[in-house]
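In what follows, a single structure is set out as C-alpha cells and then discussed.
The values are calculated or read from the model by the stated rules, or taken from the named source; none is laboratory data. Here the structure is a predicted model, which means the values were calculated and not measured. We place every Cβ from the backbone using ideal geometry, glycine too, and count neighbours over all the protein chains shown.
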C-alpha cells in the first residue's frame with residue numbers, strides 16, 4: 001500500500017493499482033515487444049496464464065514506496081533494430097508523467113531493465 005496524507009486525511013492506494021496503470025501504459029510504448037516476469041510470483045502466474053491464454057497486464061512491473069515517493073522497476077523485451085537508449089528514456093518519461101498526472105504522487109525513479117531483444 002502507498003499512503004498519502006494531507007490536511008484532509010489519508011488515502012491508501014494498492015500496489016496492484018499502480019502495477020496495472022503502469023502495465024497498461026507500458027504496452028502502448030513504442031519499441032516494447034513484451035514484458036518479462038520480475039519475481040517468482042509473477043513467473044508462477046505467468047505460467048498459469050499461459051495455459052489459460054490470459055495476459056497479465058502487470059507482468060514485469062514492480063512498484064515500491066520510499067519516503068512518500070515511488071520507485072518503479074520494469075522488465076521488458078524490445079524490438080530489434082531500434083535505439084534501446086531512446087526507448088528506455090521515452091518509457092521513463094512517459095511512466096513518470098502518467099503516475100504523477102493520475103495520482104499526484106512524485107516518482108523518484110523509473111528503472112527499466114531490458115531483458116531481451118525480439119526480432
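Among the numbered criteria (1) in contact with a strand residue (DSSP E or B) (Cβ under 7 Å, 6 or more places away or on another chain); (2) in a helix (DSSP H, G or I); (3) modelled with pLDDT of 95 or more, which single criterion is violated by residue 100?
Just one mismatch for residue 100, condition (3).
What are the pairs, 6+ residues apart or on separate chains, where a residue within the range 64-88 that is assigned to a helix (DSSP H, G or I) has its Cβ under 7 Å from a residue that is surrounded by 19 or more Cβ atoms within 10 Å (Cβ to Cβ) and at pLDDT below 90?
Partner pairs satisfying both residue conditions: none exist.
Could you list, in sequence order, all residues of the range 63-82 that are in contact with a helix residue (DSSP H, G or I) (Cβ under 7 Å, 6 or more places away or on another chain) and more than 12 Å from residue 38 (Cβ to Cβ)?
Once the filter is applied, which keeps residues that are in contact with a helix residue (DSSP H, G or I) (Cβ under 7 Å, 6 or more places away or on another chain) and more than 12 Å from residue 38 (Cβ to Cβ), the range 63-82 yields 70, 78.
Among the numbered criteria (1) surrounded by fewer than 18 Cβ atoms within 10 Å (Cβ to Cβ); (2) modelled with pLDDT under 80; (3) closer than 20 Å to residue 118 by Cα, which single criterion is violated by residue 28?
The failed condition is (2).
Considering each residue of the range 103-115, count those that are within 14 Å of the chain's Cα centre (by Cα) and either under 22 Å from residue 6 (Cα atoms) or not in a strand (DSSP E or B) (or both), and give that number.
2
Given the conditions (1) at pLDDT below 90; (2) under 18 Å from residue 115 (Cα atoms), and given that residue 7 satisfies all but one, which numbered condition is not satisfied?
Only one criterion in (1) at pLDDT below 90; (2) under 18 Å from residue 115 (Cα atoms) is unmet by residue 7, namely (2).
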